[in-house]
1. Before we move on, is residue 422 out of contact with any helix residue (DSSP H, G or I) (no Cβ under 9 Å at 6 or more places or on another chain), at pLDDT below 85 and either at negative phi or surrounded by fewer than 17 Cβ atoms within 10 Å (Cβ to Cβ) (or both)?
2. Which of the numbered conditions does residue 402 fail, given that it passes all the others? Conditions: (1) more than 16 Å from residue 78 (Cβ to Cβ); (2) crowded, with 24+ Cβ neighbours inside 10 Å; (3) not assigned by TED's automatic domain parsing to the domain that holds residue 29.
3. Examine segment 457-469 for a residue that is surrounded by fewer than 18 Cβ atoms within 10 Å (Cβ to Cβ) and over 27 Å from the mean Cα position of the chain (by Cα), and state whether such a residue exists.
4. So for segment 215-235 (the condition being over 20 Å from residue 42 (Cα atoms), part of a helix (DSSP H, G or I), modelled with pLDDT of 85 or more and in contact with a helix residue (DSSP H, G or I) (Cβ under 7 Å, 6 or more places away or on another chain)), does at least one residue qualify?
5. Would you mind listing the strands (runs of 3 or more DSSP E) fully within segment 611-705 where at least 2 residues are modelled with pLDDT under 85?
6. Only one of (1) modelled with pLDDT under 85; (2) part of a helix (DSSP H, G or I); (3) assigned by TED's automatic domain parsing to the domain that holds residue 281; (4) crowded, with 24+ Cβ neighbours inside 10 Å fails for residue 124. Which number is that?
7. What are the residues in segment 586-598 that are assigned to a loop (DSSP other than H, G, I, E, B) and either modelled with pLDDT of 80 or more or closer than 18 Å to residue 690 by Cβ (or both), if any?
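The values are calculated or read from the model by the stated rules, or taken from the named source; none is laboratory data. Please read all numbers here as calculations on a predicted model, not as lab measurements. Positions of Cβ are backbone-derived with ideal geometry, glycine not excepted, and every protein chain shown enters the neighbour counts.
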């Protein structure tokens, strides 16, 4: 067989297996929903379930977005719609109007799903916090279980679950026997065979049990007044069509009050169906190493629910059980879903008249097993750790609200708790990653020994705080608490923002207050590495300008790189100590640390062997890979050492100022230059080649020894300063 033939055969078997799994559940979901309107409407619910399975599969699979996905009526749909039916019935709404409102709710939910897909919300819905989803699905499971208790016990229609449990006189042992048989087969069947889906075997066992009981009680073979079976519509599928037509004719009687009543249930249903679908798609992607189109999938699901509602069918979503059966049975493409829909339609046409004999106890048992499987028992593990107790509390809250108030209220509680979880996560994390003082954190500019002494003594006037995450109303107090001890003592407060993801108005206002408080005593707030683009797409640098933190009127200083900020602070501290002046004359040899204390004759010979250079700002002194063994001493100005990265970028390695030296590596090992040296400002330099140095050493051996010793001492000092900075960073 060709690959195409193999794929078609796989889709055929996958679609057949998926239909056998999805259809019994769809019938049970439809019965559970419409039975909430009145027991006499259970058969219409069975029809609605089969029509929903047909329309959803054909339309959603035909639109595409997620190959192999099987769409059918599902538990969240029956939970929301049956709750709405109970509420409408309690308000005295006519049954025909109630069933119409159920269809309109499903129609609105489908339209909302289409909107979700069009505006690109498919990716966002997937990120609903797990505790909220777990709590809601567990609440749906418990709601389904409780709604089926009375039917399982065979009590009269309209009996509540707690009344049914508390009054054993109302129990019907035949209904219990049928339901128990269904539950037993549904639970045990997968241990013996997976060829035939457990739902089919369980439903078949329930039907056989019913007719076995009918042998002893012939009254069970009569449909009229028989509460143990679904019952007939009136003898043909045409009565269902007439009933559906009657409902849509009642549409003209609906008003704004009805639309307002349906808005929250429709939104709840749309979100839950979307989450259920996308959760199934994520699992399917992991198993097939594929990738679904979330937004296209949502549009297909919405169109499917719209068509299903117009045809009088149940709402639904991409279902996990039927999808996995489709996959394991050979389904490879969306044709498997189309085949499942076509087979559901065939079953509807063939079995419509037989639906009347489906036992209510069997359907109740089927739904009870489905509800039990929806309970997230793994969440009980959250009680074992103090760190996850709050997550369990969220799950428990959603479940309790779902049972005591309703699923619609639980959806609202879930949304609020989702927001609370986000705020908790942001507030719980440390917004300050690291804090370091200027006395043990330095710029890349290489300083003289005297300058480093000043920086070590005066460096405590500056503090650097590295921030992360979101600066918003939930973390503002935490940040201010970290800043407050520094505001009264530091002259420079630096905020490193390169890890910040967002900033809101509350945080911006707090930073403005910090800036004002520092300015009152002549101190400076400094921003470093403000992100120009964060994952959300926002330009925080532009936002800072708009709120007045980084514009021309602001007293805060802004630097693109942390090293630039540190260098500016160091220059300010050194200038304050009057070690640097703009009009200072170029240094002579005797004024440099390397040659301090040398004899005049020795310095004269050394000067005669040196070359004096002048460089303009931006001029390259040497480049990476160049040959040359000169060591350069800076008489005036500043030189930066840059490492080329790629073709258009340079990484700033170090800066050297007046009295410092650079180029010592090639001077010592005779290897090519490892980086670029560029004049940052106009510079005056001494250049001493290794050849001239070796010639001088012949006559001034002590000079050579002292020079090498001075080089080693200064290099050692630089290394010690680097070690101290690394230790400070690690400790903080």
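1. yes
2. Looking at each condition in turn, residue 402 falls short on (1).
3. So far as segment 457-469 goes, yes, one or more of its residues are surrounded by fewer than 18 Cβ atoms within 10 Å (Cβ to Cβ) and over 27 Å from the mean Cα position of the chain (by Cα).
4. no
5. The qualifying strands (runs of 3 or more DSSP E) are 639-645, 649-656.
6. Unmet condition: (4).
7. 586, 587, 588, 592
Residue by residue, here is whether (1) in contact with a helix residue (DSSP H, G or I) (Cβ under 7 Å, 6 or more places away or on another chain); (2) surrounded by fewer than 16 Cβ atoms within 10 Å (Cβ to Cβ); (3) not assigned by TED's automatic domain parsing to the domain that holds residue 455 holds:
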{"position": "625", "(1), (2), (3)": "no, yes, yes"}
{"position": "632", "(1), (2), (3)": "no, no, yes"}
{"position": "637", "(1), (2), (3)": "no, no, yes"}
{"position": "642", "(1), (2), (3)": "no, no, yes"}
{"position": "646", "(1), (2), (3)": "no, yes, yes"}
{"position": "655", "(1), (2), (3)": "yes, no, yes"}
{"position": "667", "(1), (2), (3)": "yes, no, yes"}
